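The values are calculated or read from the model by the stated rules, or taken from the named source; none is laboratory data. None of the values given here were measured: they were computed from a predicted structure. Glycine gets a Cβ as well: all are built from the backbone with ideal geometry, and neighbour counts include every protein chain shown.
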Amino acid sequence: MRAMPTIPATVASAFTPAGRLRAAINLGNPILATLDAAGAPVGVSVDLAREFAARLGAAADFVVVKTAAAAVEAVTNGSADIGFFAIDPARGAGIAFTPPYVLIEGCYLVPEASSLRDNAEVDRAGTRVVVGQGSAYDLFLTRELKAATIVRAPSSQAVLETYVAGGHEVAAGVRQQLEADMARFPGQRLLPGRFMVIQQAMGCAKDRGADAAAALAAFVEDVKASGFVADALERHRQHGASVAPPAA
């Protein structure tokens, strides 16, 4: 059996000022976290949080949030010790990101009757693109789209409702979330391919120190190399994400 690496006590204490590891779990990305029938968080992010807590010699508590923006806030304000985020420079001011542990596709959805056939056609005047406020797609498309207009839904889960209710031209999000929503809102289709690849990482507040950030990064590299991440994706039947390659 493979030995489980441990983390020095001096570093572990930086992650557990409350005596337990508090992990922000964002339900906005169903590939990584959802709630079970009893209302408890489950998923790849939850498994990683528990594994990291075990290596710290601590129990894990979960700060469950509905948006990426709320997860960022929880980690930066100290109400959570670690979080799970799409790497984005707009979030980097106060958070030390690890290398990515999974890669996820961001896709566009349009009405069946739309004239749009390609991702490159979306960025034009008169096109309204609905995204979850503060999501990786919001941050990315805010930088990248020059002519289209961004419409922000309250959360990633509310994107399709906002898109349909407003009669907007495009919805943007995780491929699996959009595919699931298509069953509730018939008459939609996905544009082929993807408009971005999301690098999903763990992170902690930079004020936890360089040693803490390095330990978290080493943990991510270890769970990728050991097969832990791949096993978690398979266990939770999440085939829309791939394990990120080793960090350079």
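Quick check on my filter: what residues within region 4-29 are surrounded by fewer than 18 Cβ atoms within 10 Å (Cβ to Cβ) and in contact with a strand residue (DSSP E or B) (Cβ under 7 Å, 6 or more places away or on another chain)? Result: R20, single match. Against the test of being part of a strand (DSSP E or B), among the hydrophobic types (A, V, I, L, M, F, W, C) and touching a residue at least 40 places away in the same chain (Cβ under 8 Å), the options A80, A23, A74 yield a single qualifying residue, A23.
Does region 5-12 contain any residue that is among the hydrophobic types (A, V, I, L, M, F, W, C) and part of a loop (DSSP other than H, G, I, E, B)? Yes; the residues of region 5-12 include at least one that is among the hydrophobic types (A, V, I, L, M, F, W, C) and part of a loop (DSSP other than H, G, I, E, B). Looking at A23, A58, A71, just one residue is in contact with a Lys or Arg (Cβ under 8 Å, 6 or more places away or on another chain) and closer than 23 Å to A210 by Cβ, and that residue is A58.
Contact map, region 141-154: first residue assigned to a loop (DSSP other than H, G, I, E, B), second residue of a type in the set (S, T, Y) and surrounded by 12 or more Cβ atoms within 10 Å (Cβ to Cβ), Cβ cut-off under 6 Å, separation 6 or more or different chains; pairs are A148/T127. Note on region 207-220: residues that are part of a helix (DSSP H, G or I) and over 19 Å from the mean Cα position of the chain (by Cα) amount to 8.
When V122, V174, V129 are screened for being β-branched (V, I, T), at pLDDT 95 or above and either surrounded by fewer than 16 Cβ atoms within 10 Å (Cβ to Cβ) or touching a Ser or Thr at 6+ places or on another chain (Cβ under 8 Å) (or both), only V129 passes.
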